[in-house]
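A short worksheet on the structure shown next.
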Amino acid sequence: MEKNYLARSIDVALLEWKESPLRKPLLVRGARQVGKSSSVRHLGETFKYFLEVNLERNPEVVEIFKGNRDVRDIVRKLHDYYDVPIVPGETLLFLDEIQRSEDVIRSLWFFKEDYRELHVVAAGSLLEFALKDLSSFGVGRVSSLFVYPMSFDEFLLATGQQGLWRAKQDCNSSHPLLKAFYEKLVEAFRSFMLVGGMPEAVAAYAQTGSYRASRDIVNEILQGYEDDFAKYSAKANPVLLRQTLVSVAHQVGAKFVYSRVEGQYRSAEVKMALEMLRDAGLIIPAYHTDANGIPLGAEINERVVKYLVHDSGILLALLGIDDDTESLVKELMVENVVDLVDKGNVAEMIAGLEIMKCYSPQKRHQLYYWQNMNKGTCAEVDYIIAQGSRIVPIEVKSGVKGSMSSMYSLMKNPQKHIGRGVRCSLENFGSFLSPDGKTIDIIPLFAISSLFPCSRQE
């Protein structure tokens, strides 16, 4: 079982799945190294028996599944091979790295139909590529949970700062943080920007207090991603994938321009690379929406897309600004960090990632932003979210200042019916009125989870 496990918000969803009478076989999905297997192993501690079948470590086990649709026979053979009891209600069967076998993936269908009482969880690196080759896989037969790198709330708990986490839970625009707590949270958030949310990197930082240790882990993870590029597809060009990922890092916060990818590649080639990186979970798109109503995805412009790197630690490594860690730490810890966070628009990206992590893990959600598409205008609002039937625009500022003209322009449009906006920055909680008298709530970058109270980690 997992030693020194770092609690995750996904733990709650996993326990709910365990207890559900309508339970189906579960796919845990997400990029490599975001903590999928660790979370499943942690869930395994709540069962009497736990059997992990890792198809990379034991590729010979695939033979048990090959051409076999009798899942009870499969279970008997797994029991005999591993000598672990497999008892419905008492055993968690974990099939890891299932992308290695189409037969193993398809077996999930039959577990649902023929052995529903057994708890079965599956995961895998690069799993999305395998699923794409199986048309309509799992529709109605398999459930999914999507896992991302750790949120700031998870980072606080992992680094033993439960008091800071509790302090901000009850604060809002009407009840700001005490100055002492606010300053400590700003400091912790700066550390989070530097370390990122990859669980192994966070664990290294939590254990050692060393940014260098966390950076070494991040660089190892990034190297692992690049080693994976050759596995994406027979059509994949590892050099193109690397160049596209680096270009995404440098274009974070702006509409992605294909021609800025180094190497004289055709647009179609870059598009394919972007799709592969998205499928691998390494980049997350933010689509333009006209923000005229719910659902936001009904009016997206797929030609106008911004991309986020899935983790700030990975982003900083890609930007190459981790060469002198000690110098970077000093920049992060000084009072004015505007110059740093603007480099690569780290603040805007982290805000988007925090929003994604606050959504329910049961489905893959989308990010949206708004831009005035009329020629001669440059108004743009970083994110648009839906809260019930309401549209809420979110403007991200890296420091404590910045123009709000784009937000005002959007909110005063009578066709949008927007009654409230949010400014995310390094400021304390607060609020003010737009020129036309509408409320703008100030939410600190470290408290974006307060916009989604149902998502808060217990």
Q) If you check Ala122 against the conditions, is it modelled with pLDDT of 90 or more and assigned by TED's automatic domain parsing to the domain that holds Glu354? A) no
Q. What about Leu78, is it touching a residue at least 40 places away in the same chain (Cβ under 8 Å) and surrounded by 14 or more Cβ atoms within 10 Å (Cβ to Cβ)?
A. no
Q: Could you check, for the stretch 61-74, whether at least one of its residues is of a type in the set (S, T, N, Q), modelled with pLDDT under 95 and within 30 Å of Asp311 (Cβ to Cβ)?
A: no
Q: Taking only the stretch 229-249 into account, find how many residues are in contact (Cβ under 8 Å) with a residue 60 or more places away in the chain and either among the β-branched types (Val, Ile, Thr) or buried (at least 18 other Cβ atoms within 10 Å of the Cβ) (or both).
A: 5
**Q.** Selected residue (only one of Lys363, Lys357 is under 11 Å from the mean Cα position of the chain (by Cα), modelled with pLDDT of 75 or more and not in a strand (DSSP E or B))
**A.** Lys357
**Q.** Subset of the stretch 152-164 [crowded, with 17+ Cβ neighbours inside 10 Å and touching a Phe, Trp or Tyr at 6+ places or on another chain (Cβ under 9 Å)]
**A.** Phe152, Asp153, Phe155, Leu156, Leu157, Ala158, Thr159, Gln161, Leu164
Q) Which ones in the stretch 28-49 are of a type in the set (Asp, Glu) and either touching a helix residue (DSSP H, G or I) at 6+ places or on another chain (Cβ under 7 Å) or free of Cβ contacts under 8 Å to residues at least 12 places away in the same chain (or both)? A) none
Q: Report those helices (runs of 4 or more DSSP H) wholly inside the stretch 1-98 carrying at least 3 residues which are in contact with a His (Cβ under 9 Å, 6 or more places away or on another chain) and under 30 Å from Gln161 (Cα atoms).
A: 10-19
**Q.** Residue that is under 22 Å from Asp227 (Cβ atoms) and modelled with pLDDT under 50, where the choices are Asp279, Asp323
**A.** Asp323
Q: Look at Glu52 and say whether it is surrounded by fewer than 21 Cβ atoms within 10 Å (Cβ to Cβ), in contact (Cβ under 8 Å) with a residue 24 or more places away in the chain and among the acidic types (Asp, Glu).
A: yes
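The values are calculated or read from the model by the stated rules, or taken from the named source; none is laboratory data. Quantities reported herein were computed from a predicted structural model and do not represent experimental measurements. In this analysis, Cβ positions are derived from the backbone assuming ideal geometry, glycine residues included, and neighbour counts consider all displayed protein chains.
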